[in-house]
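Following: one structure in structure tokens, then a few remarks.
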């Protein structure tokens, strides 16, 4: 009947559970079963075929004469075999509805379970079970066996106790389909007899509703999609024939005769099969003629877009008994919607006109195959909205089977009170010329087929209007040729006006650096807020700018664009070449994350200032628990309003104290690659990636909404410094590789198929919106973020071959920071002493979870380092030093074929190069990704690049952090891990003490007599000490006159602005000393104290009225 399927056969024993997969092959059919005795996991969501909980109630189960002494008592079916073929059975089709045991169908994964006890003999050789499927039962195929004596399946227990016997259908066709009856042989048809048994229950699980024939020879369905009609002689309509001879298409039918016992014809999406939505097409119907001597059944198989291909679990059958033996055409209709997989889009349909060898040579003819419904279709119209001043046009998709239509109308969206508005129509278009101008109308359309008017579909709102749109707006500020000196830049337009008094609906703003607006530098999109003013993102402001705006009314009519207005930006941008974007969160006053974002001294970089989209609670300034940091409250997040998609290789880093280190399962998150700012506010959402850092030390990585990596290692008792480094070719759906570090510890960003520190399959990057998020279970659990930095990174890797000591040059012993021979003895090469870790001979030996020494630490994702001796070293290697370093190595196999090398004792902020040594092993494409805490393009390198036995040197440039540490990751991209023979690191450049400070601090407007404070952070970007004096301090500014910062630290000095009068103030202070000199411009504006202003205003009002008297 079907193609042969060969299942795997295996045996497992787990505790007291015995599991076996059994395969039956009969008539070119295969079925595979999993057999279990006393499974640990109980069956849930089952349907009871019998419980026997009522004494005397056999629950429709029958038994033959070979079972005696039967009774139902104490919750059991009790009997004794008195012959060699004891049988008990349940005829499901004979049950009286409603009965939950009826109309069931089996599928792959269906479970049969019985709990029973063999009381007396315990010599029973087996327990047999049959299910009658699609009308075929015992005799058509072998039994399933719950247990047996000997062979592959578990043996019948001989302890006289109750046991649970379970069978799960794993594959095949024999037992897949409509469930008609059950038969249980509790004792085998063998001697000796006299076994007393008790059965507690019989249950089934993972079954579906049966696909049933709802009508035969009824009126055909009229709302359908045709899958085959064969109305043109010789045109098979791309239907494919298998094992069918004498095939032909003539007189509106396709015909053929079986060549063997498995004939079928099919059509799939590869042959342009129509793909109707099956949820709207519950019926499958075909009209076919069989010979008068027809004795077979007919079968149907289908596949969908959600469940593609052919499967015995997606199957229906017409029993031979329902096929009239008259040699005439008949209609067969199935209610396919009862099958759980009859959903999504149709992808494949297959018809088996015969299923046994006795039909060979018997001709069939099929007239059509259709899917659809018996219901008159509903119609979803559309209506014009202001397209015409005196009418409304209503239209809809034409449905071929519909005889006529009728349009209904109402002034409210209520079809129950609607009235007929049109005559009966035979077209799919209607113009309502009776509509009153400026009135909203709702329209519905009914369809008529044969004698039935269908139901209403969805409504369509339409109106006629004479409005041509709101008045054209006027640009107010910045005015033409204006010079704007500082951020934020605010675009201001005239008030909205509409001659027909229609309210304002939306606005759209555009900004460009030239007069050609066919492509603009910034478009606000359709806004429902900021209706007459808006702040464009600061990075979109050019030296020369042109802007315009338009308004939309509630009638969906747009105004003309305003006239383009030019202004120039003359202000300075505080930049720092080390960063693309750096937010210190230092600011004056208090407020949410956007407080003072544009003020000098808070942000650095080439695209500043940037404001934020936010959700929940955020605080900066004096209201923050620690001024100079960002506070995020319960379920709160922020994202800079910029897509960092200007370059493909980038690094994100920040500091955070999460939830006051409460060690709970609350978490903070970093998201990146999000499609927009709103999406970035949802840590686990459809686009980009998300990293979760938990207070209890856990870590999770998400690709969109899919969890791809998890582990531990997040410190729970110290401030976190989080680094993400990522690489992509571009933001156009390319995949992205990334790695994440917490305080130098690499996180497991991927767990399948192998544990890894580099995740290399994030897809769908169109934009790169980035966010910080805080999630906590109680409102008092805040997190404090600081120093958000986003930088562009470059390639930092080179690869060369290695056969002798000279290939390892250049090497400078005076600049060497680390030189290690992994799994080998100490050796001197080119004047550099490589410290050996000791050798481990004799093949694979488990090493320690973490191999470490002074100044370095070797980690692996699965906590294991393995060692091996190198018999594959090529004869070309003759130098003793190279051979000693090369021939023994440590390695990291799947499922954790990933290593991390943590280096310490480096000069803070120093530039270094590490050389990592290995050699070709087996042409196995041992490809790994290299990444580090200092950033750099994540690069794939193949250990076997130069062939078996030839060495390879990977040179990786990196920068130490402010603590003199760095972590380099070697993460497998396949199933084979990297072999690490040794490594050598050399300092290339050590920065001297170097001062770094904001070049300007702007206090903005400060009330007279109410001082404001700004934390001026003086950073030492190098080694040694930055210290010195501050000169040029005078009122209304005040601050300390000296500073001191050791290597890679900062000294935060509070600058106070306390104006004693109105007006603008500016002062330049000079910092001079070790680490260099710097100047900082302090600015601020004094404004009247609020209460004093009110008193003055009231005094003026009193004086004014006295004068009038």
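Taking all Cα pairs closer than 8 Å and separated by 6 or more residues, the relative contact order of the range 995-1090 comes to 39 percent. Contact order, relative form, for the chain: 6 percent (alpha carbon pairs under 8 Å, 6 or more residues apart, mean separation divided by residue count). Going from the residue with the fewest nearby Cβ atoms within 10 Å to the one with the most, 184, 803, 906 rank 803, 906, 184. Relative to the current alpha-carbon distance between residue 476 and residue 940, full extension at 0.36 nm per residue lengthens the span by 161.5 nm. Here the peptides 65-72, 1011-1018 are ranked by packing, the mean other Cβ count within 10 Å, and the order with the highest first is 1011-1018, 65-72.
Take the Cβ atoms of residue 519 and residue 1000, set R0 to 41 Å, and the FRET efficiency comes out at 0.75. Remark: spin-label model distance residue 356-residue 1034 equals 11.3 nm, labels positioned 7 Å along the Cα→Cβ axis. In this rough spin-label picture, where each label sits 7 Å from Cα along the Cβ direction, the residue 95-residue 259 distance is 4.4 nm.
Adding -39500 (n - 2.57) for every DSSP H run of four residues or longer, then dividing by how many residues the chain holds, sets the calculated 222 nm ellipticity at -1000 deg cm²/dmol.
The modelled label-to-label distance for the pair residue 65/residue 466, using points 7 Å beyond Cα in the direction of Cβ, is 10.0 nm. Against the main long axis of the alpha-carbon atoms of the chain, helix 1090-1108 sits at an angle near 70°. For the peptides 300-308, 739-747, residues were scored by their other Cβ atoms within 10 Å and the scores averaged per peptide; the highest-first order is 739-747, 300-308.
Counted residue by residue at 0.36 nm each, then reduced by the alpha carbon distance between them, the extension gain from residue 1042 to residue 436 reaches 210.2 nm.
For residue 490 and residue 1025, the FRET efficiency from 1/(1 + (r/R0)^6), where r spans their Cβ atoms and R0 equals 60 Å, is about 0.85. Each peptide in 766-776, 110-120 gets a packing score, the mean of other Cβ atoms within 10 Å over its residues, and the list from highest to lowest is 766-776, 110-120.
Each reported figure results from applying straightforward, stated rules to the coordinates on display, with no laboratory input. Here the structure is a predicted model, which is why all the values come from computation and not from measurement. Quick reminder, even Gly has a Cβ in these numbers, built from the backbone with ideal geometry, and neighbours come from all protein chains shown.
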